[in-house]
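Remarks on the structure that follows.
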Ligand SMILES: C[S@@+](CC[C@H](N)C(=O)[O-])C[C@H]1O[C@@H](n2cnc3c(N)ncnc32)[C@H](O)[C@@H]1O
């Protein structure tokens, strides 16, 4: 895989993905990760593509894309589908029994929202990120330590030891709070349902390695492809809407220098002293104690200080 050079002509396409997937995956490559957000069939404007199919037609379309994806997937690979929970529930047996893909985990993506308020129900502010796998070649790659949440109680002796051993946090929960792509963001286009780069990169970095093939069969603004090539993966995308080539990335958007690292935090978060059950004074004391601790070897001290500086930097 290392010898393939990313270029938009081979990796970006227009067409029906149930067919294009089988015809246009570059030779010699197998998809390690599908990461996609299908049309929700609720009437969004996708140019020449109807987002109001009859229910049976819609389910058939999703099934055909999942089945084609399974055919071109590596024996050990992932499929992440972002959708509304009730829509997934409606398609559950088809998705998990008729396509080859097996259920792995149900993740909830929550996003604060000021739209969709109603007097009849609570405000919709979440979607499902459904994780499916093909495990014919053993468990697909998973790197839960690449993106972590910082420890909340670094003063606990066991946690302090973990920090001194070079760890910087725990694996993520199965619910993610990530803001929607807002109009003020540089990455935002005028397309419906553009998925935020933080979420896309989180999945890509946790389930693939640099050089792997990552595909989005409902690519829209090619946000998944951009997240993939920005992290040194080979991003492949296809969309049936003939207007989408204007979103295709350029050949020089591929980041060939990208290197993976462990224990990164992908969202700025204030250190929550209240949730951690300490005062600001306790936190300051901790930093001081680490600086004054002569028993720590220079290497361990460096790590501890780095961790505490990091904690410091995450608070206001
Ligand atoms: C929810 S949007 C995807 C938005 C995308 N996640 C983003 O961040 O920009 C769904 C897309 O699926 C496309 N689509 C619908 N049916 C398709 C098919 N059979 N093959 C390929 N694309 C299709 C629509 O044109 C639309 O752009």
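Take the residues of the range 6-45 that are buried (at least 19 other Cβ atoms within 10 Å of the Cβ) and part of a strand (DSSP E or B): which is farthest from the ligand (Cβ to nearest atom)? Per the stated criteria, the residue is 32.
Against the list (1) more than 16 Å from the ligand (Cβ to nearest atom); (2) over 17 Å from residue 107 (Cβ atoms); (3) crowded, with 22+ Cβ neighbours inside 10 Å, the condition residue 159 fails is (3). For residue 203, the stated conditions do not hold, so it cannot be described as assigned to a loop (DSSP other than H, G, I, E, B), assigned by TED's automatic domain parsing to the domain that holds residue 73 and either within 11 Å of the ligand (Cβ to nearest atom) or in contact (Cβ under 8 Å) with a residue 24 or more places away in the chain (or both). Residue count for the range 71-87, restricted to those that are within 16 Å of the ligand (Cβ to nearest atom), surrounded by 16 or more Cβ atoms within 10 Å (Cβ to Cβ) and within 23 Å of residue 201 (Cα to Cα): 6. Given the structure, is residue 179 within 16 Å of the ligand (Cβ to nearest atom) and part of a loop (DSSP other than H, G, I, E, B)? Judged against the criteria, residue 179 is a match.
Residue pairs whose Cβ atoms lie under 6 Å apart, separated by 6 or more positions or on different chains, with the first residue in the range 231-252 and surrounded by fewer than 20 Cβ atoms within 10 Å (Cβ to Cβ) and the second assigned to a loop (DSSP other than H, G, I, E, B) and modelled with pLDDT under 95, are 241/47; 242/48; 243/47. Sub-7 Å Cβ pairs linking a first residue in the range 52-69 that is without any contact (Cβ under 8 Å) to a residue 60 or more places away in the chain and over 20 Å from residue 22 (Cβ atoms) to a second residue that is near the ligand (Cβ under 10 Å from one of its atoms) and in a helix (DSSP H, G or I), at least 6 apart or interchain, are 53/61, ordered by first then second residue. For the range 182-200, which residues satisfy the criterion of being in contact with a helix residue (DSSP H, G or I) (Cβ under 9 Å, 6 or more places away or on another chain), modelled with pLDDT of 75 or more and assigned to a loop (DSSP other than H, G, I, E, B)? 191, 194, 195, 196 - these are the residues of the range 182-200 that are in contact with a helix residue (DSSP H, G or I) (Cβ under 9 Å, 6 or more places away or on another chain), modelled with pLDDT of 75 or more and assigned to a loop (DSSP other than H, G, I, E, B). Within the range 228-255, being more than 15 Å from the ligand (Cβ to nearest atom) and out of contact with any helix residue (DSSP H, G or I) (no Cβ under 9 Å at 6 or more places or on another chain) holds for 232, 252.
The values are calculated or read from the model by the stated rules, or taken from the named source; none is laboratory data. These figures come from a predicted structure and were not determined experimentally. Cβ atoms come from the backbone with ideal geometry, glycine included; neighbour counts cover every protein chain shown.
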